[in-house]
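Visitor: Please find one structure pasted underneath; my questions will follow.
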Amino acid sequence: MATWGQSKSPRSRINRRVDFPDDEGHDDFSLVPGGPFFQLLRRTKLQGRRVELLERRLLIITLVAWLPLLILSTIGSSAGSVGRLSFLRDVEVHVRFLVALPVLIAAELLVHSRLRPVVRRFVERGLVSYQDLPRFDNAIESAVRLRNSMFAEALLLLFSYILGLWVWNSRVGITTSTWYAMSGGRWHLTLAGFWYVFVSIPILQFILLRWYFRLFIWFRFLWHVAKIELHLVPTHPDRCGGLAFLGKSSYAFGPVLFAQGAMLAGVVASRVLYRGDNLQSFKLQIGGFVAFFVLALLGPLLMFTPQMARAKRKGLADYGLLAQRYVDRFEQKWVLEDLSEDLLGTGDIQSLADLGNSYGMVRDMRPFPFGLDDISRLALATVAPLLPLLLTVFSAEELIMRIVKVVF
């Protein structure tokens, strides 16, 4: 079985057509190092050749989004007119820019390190045959072109402003003075409010939309791969024909789900703390939110279901035929005929048991490349930032006791 290193022609073709960051080759494909924003960060010394300088990038972007809000809300003209909600008490803002935004930036390191080997496994494990390597390389080339698209990132930047302003305009009307706006309307902004609406929110929206775009690129790449006839082995111990690594790879996007959960937690906390809403009234919204994002990550993997289902049907037929031939001969030798040799010590019984185990593995093969453990882990990553909200209902001691009872 050939490896990527032996597939010289597709690699040279890709390296001619695509502007890879430095020495990146198609056997080192990643969703992270590429695109105009990546190149801009490199020129401003906030990005290395791959995902280096993460601490510097995380600190600078977070401070640009949050620190001016603190300064302007303190020294601005609205300092003396702040009413019920001051900047330091605005939980939603702090969660957005001090929790969600840094997590979204730091997620690049995990996605870069976890998804690179996933792409190689299709070839290393023989899932893609030598004859289909050009199609596989073309799928990578298409993904890299889209990742590096200047037009796509320009649209993301434009949409981040449109979405940010729409979200701001759709907020509940402001009836009292706050750190970001004077009473009388949501567009009577303070200096801090202008930075909040036109700088901080678009930064967060752009980085979040960029993650959605990366997810689109990833699932589009997998869609191209799913159209290739893969060599799936129904007796593979992962119960997925050899594709269980795709479900595990979704853990790389766990920080993105955590950041989404954190932003929802900030909104709910503001409603509970400052508007008097009951936390239990958000149960359906929180449940739907968690289910939606878990489905958004794992649902696209169902594109492999047709191939996996065919592999299972074929495996059941093939191993069923093999089992029938074996048990026929076993019965003829050990049941119908006189025992001419001692059954003790023979390997026939063990072979029969091994054949049964193999058939059982084919029968238990799932038609999708993920399991309940993958669903639960992603759900936990999404709901984890919401757990501190329980402190608005229970005391710390009572909450700890309830958790202990559930766990033990």
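The values are calculated or read from the model by the stated rules, or taken from the named source; none is laboratory data. Just so it is clear, the model here is predicted, and its values are computed rather than measured. With ideal geometry, Cβ positions are generated from the backbone for all residues, glycine too; neighbour counts draw on all protein chains shown. We work out accessible area using only protein heavy atoms, side chains counted, and drop any ligands, DNA or RNA first. Shrake-Rupley method; radii C 1.70, N 1.55, O 1.52, S 1.80 Å.
Visitor: So if I check each of 65, 139, which one is in contact with a Phe, Trp or Tyr (Cβ under 6 Å, 6 or more places away or on another chain), in a helix (DSSP H, G or I) and farther than 30 Å from residue 177 by Cβ? Outline the logic, then answer.
Guide: Details: 65 fails: farther than 30 Å from residue 177 by Cβ.
Among 65, 139, only 139 is in contact with a Phe, Trp or Tyr (Cβ under 6 Å, 6 or more places away or on another chain), in a helix (DSSP H, G or I) and farther than 30 Å from residue 177 by Cβ.
Visitor: Then there's this: Tell me, please, whether a residue that is part of a helix (DSSP H, G or I) and either among the hydroxyl-bearing types (Ser, Thr, Tyr) or open to solvent by 10 Å² or more (accessible area, probe 1.4 Å) (or both) can be found in the stretch 228-242. Show your work before the answer.
Guide: Step one: filter the stretch 228-242 for residues part of a helix (DSSP H, G or I), giving none.
So far as the stretch 228-242 goes, no, none of its residues is part of a helix (DSSP H, G or I) and either among the hydroxyl-bearing types (Ser, Thr, Tyr) or open to solvent by 10 Å² or more (accessible area, probe 1.4 Å) (or both).
Visitor: Right, here's the next one. Can you tell me how many residues in the stretch 119-134 are assigned to a helix (DSSP H, G or I) and surrounded by fewer than 17 Cβ atoms within 10 Å (Cβ to Cβ)?
Guide: Residues of the stretch 119-134 that are assigned to a helix (DSSP H, G or I), as a first pass: 119-124, 130-134.
Of the ones still in play, those that are also surrounded by fewer than 17 Cβ atoms within 10 Å (Cβ to Cβ) are 120-121, 124, 130-131, 134.
So the count comes out to 6.
Visitor: Got a sec? Which of 104, 69 is open to solvent by less than 10 Å² (accessible area, probe 1.4 Å) and at pLDDT 95 or above?
Guide: Details: 69 fails: at pLDDT 95 or above.
After applying the criteria, what remains is 104.
Visitor: I need the full set of residues from the stretch 14-35 which are crowded, with 16+ Cβ neighbours inside 10 Å and either closer than 24 Å to residue 156 by Cα or at pLDDT 90 or above (or both), in order please.
Guide: 18, 20, 21, 29, 30, 31, 32, 33, 34, 35
Visitor: Could you say which residue among 299, 276, 288 is surrounded by fewer than 18 Cβ atoms within 10 Å (Cβ to Cβ), more than 22 Å from the chain's Cα centre (by Cα) and small (Gly, Ala, Ser)?
Guide: Values: 299 fails: more than 22 Å from the chain's Cα centre (by Cα); 288 fails: more than 22 Å from the chain's Cα centre (by Cα).
One residue alone meets the criteria, 276.
Visitor: Would you tally the residues in the stretch 242-273 being over 21 Å from the mean Cα position of the chain (by Cα) and polar (S, T, N, Q)?
Guide: Residues that pass the stated criteria total 1.
Visitor: Determine the pairs where a residue that is closer than 19 Å to residue 31 by Cβ, located within the stretch 113-138, has a partner that is polar (S, T, N, Q) and crowded, with 16+ Cβ neighbours inside 10 Å with Cβ atoms under 7 Å apart, the partner being 6 or more residues away or on another chain.
Guide: Partner pairs satisfying both residue conditions: 114/249; 115/30; 115/249; 116/30; 118/249; 137/7.
Visitor: Starting from the stretch 349-364, keep only residues that are under 17 Å from residue 241 (Cβ atoms), then list their pairs with residues that are of a type in the set (Ser, Thr, Tyr) and open to solvent by 40 Å² or more (accessible area, probe 1.4 Å) whose Cβ atoms are within a distance under 8 Å, requiring at least 6 positions of separation or different chains.
Guide: 358/319; 359/319; 362/319
Visitor: Also, I was wondering about something else. Inside the stretch 251-369, counting only helices (runs of 4 or more DSSP H) that do not spill past its ends, which hold 3 or more residues that are among the basic types (Lys, Arg)?
Guide: Working: elements: 254-274, 283-298, 305-331, 348-363.
It comes to 305-331.
Visitor: Right, here's the next one. So how many residues does the stretch 191-201 have that are closer than 21 Å to residue 255 by Cβ and open to solvent by 10 Å² or more (accessible area, probe 1.4 Å)?
Guide: If we filter the stretch 191-201 for residues that are closer than 21 Å to residue 255 by Cβ, which is where we start, we get 200-201.
Then keep just the ones that are open to solvent by 10 Å² or more (accessible area, probe 1.4 Å); that gives 201.
Of the residues in that region, 1 qualify.
Visitor: Consider only pairs whose beta carbons are under 6 Å apart and that are at least six residues apart or on different chains; among these, list those whose first residue lies in the stretch 255-281 and is free of Cβ contacts under 8 Å to residues at least 60 places away in the same chain and whose second residue is surrounded by fewer than 18 Cβ atoms within 10 Å (Cβ to Cβ) and not in a helix (DSSP H, G or I).
Guide: Taking only residues 6 or more apart or on different chains, the pairs are 271/277.
Visitor: Residue 356 passes all but one of (1) closer than 29 Å to residue 254 by Cβ; (2) open to solvent by less than 50 Å² (accessible area, probe 1.4 Å); (3) not polar (S, T, N, Q); which number fails?
Guide: That leaves (1) as the condition not met.
Visitor: Further, regarding this structure: Take the residues of the stretch 359-400 that are touching a Leu at 6+ places or on another chain (Cβ under 7 Å) and polar (S, T, N, Q): which is least open to solvent (accessible area, probe 1.4 Å)?
Guide: 382
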